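For reference, the structure is listed below as structure tokens.
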Protein chains: 2
Amino acid sequence: MDMRKLVGRNFARLRREKGLTQEEIAASADISQQYVSGLERGGRNPTVQSLYKIAQALGVSHMELVRPDREDER
Amino acid sequence: MDMRKLVGRNFARLRREKGLTQEEIAASADISQQYVSGLERGGRNPTVQSLYKIAQALGVSHMELVRPDREDER
DNA sequence: TTCATTTACATACTATAGTTGATAAACTCA
DNA sequence: TGAGTTTATCAACTATAGTATGTAAATGAA
């Protein structure tokens, strides 16, 4: 199981659902837009502190970012 | 909210409940005993991949390691 | 189609995650 | 109490998380 990909999928989905841009999340979470892009692509392995900052910026619990999804069953 | 401390508390508690030593977890998760100690003390900021490896070694879902606990209400 | 906005990619860099080796301190149990 | 085991601490090191800058590529709406 690749946590980078799981977090990426959850992140991308939640952000779109909230109708926010990567730039907005980046500013709110105090991380770079380029890093946001990398995370959503499943290409970065964030620390739990970064995870929390992102969840705060999205206005959701950090649990939502690590919750297994359907893709995860495969 | 300090995720390092939350993960540390959950980790230490679960490990004791399972009656496993830090050394055993370290070997199973392929990380160092010294790092395990640091994590449990709340002094390290693990990546989500490391989080998953530890959860596997504990035989629990990674969700258990990031779940808010009572201390977290304060 | 055009244009403004958004996302993805590349590179070089700093900060820190995680390792290793050594060992002190704490703990457990007979 | 003493010995063996477990956990905590320290320092130096390698690997990678996350940054900053620049910009190409993709997207969406008019």
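Taking Cα centre as origin and charging only the Cβ of basic (Lys, Arg, +1) and acidic (Asp, Glu, -1) residues, the dipole magnitude of the protein assembly as shown rounds to 20 debye. On alpha-carbon atoms, Rg over Rh for the stretch B:1-60 using Kirkwood Rh? That ratio is 0.91, to two decimals. By the helix-only formula, in which each DSSP H run with n ≥ 4 contributes -39500 (n - 2.57) and the sum is divided by residues, chain A has a 222 nm mean residue ellipticity of -18000 deg cm²/dmol. With label points set 7 Å from Cα along Cα→Cβ, the inter-copy distances at A:Met63 are 0.8 nm, sorted shortest first. In sequence order, the stretch B:49-59 has phi-based couplings of 5, 5, 4, 5, 4, 5, 4, 4, 4, 7, x Hz under the Karplus curve 6.51 cos²θ - 1.76 cosθ + 1.60, θ = phi - 60°, and Gly or Pro positions carry x.
As a length-normalised measure over Cα pairs under 8 Å and 6 or more apart, the relative contact order of the stretch A:3-65 settles at 41 percent. Given +1 at the Cβ of Lys and Arg, -1 at the Cβ of Asp and Glu and no other charges, the dipole of chain B around its Cα centre is 120 debye to the nearest 20. Spin-label pair B:Glu64-A:Arg70: with each label point 7 Å from Cα along the Cα-Cβ axis, the two points sit 2.9 nm from one another. How big, on average over all directions, is the shadow cast by the Cα convex hull of the stretch A:31-74, in nm²? In nm², the orientation-averaged hull projection of the stretch A:31-74 is 3.4. The amide H of A:Ser61, built 1.01 Å from its N in the peptide plane, has no neighbour under 5 Å, considering only residues 5 or more places off or on other chains.
In order along the stretch A:41-47, the Karplus-derived 3J(HN,Hα) couplings, from 6.51 cos²θ - 1.76 cosθ + 1.60 at θ = phi - 60°, round to 6, x, x, 10, 10, x, 7 Hz, and Gly and Pro are given as x. Rounded to two decimals, the Cα radius of gyration of the protein assembly as shown over 2.2 N^0.38 Å is 1.04.
Read the figures in this text as sums done on the coordinates, not as results from a lab. What you see is a predicted model; the values in this text were computed from it and never measured. Positions of Cβ are generated from backbone atoms using ideal geometry, with glycine treated the same way; all protein chains shown enter the neighbour counts.
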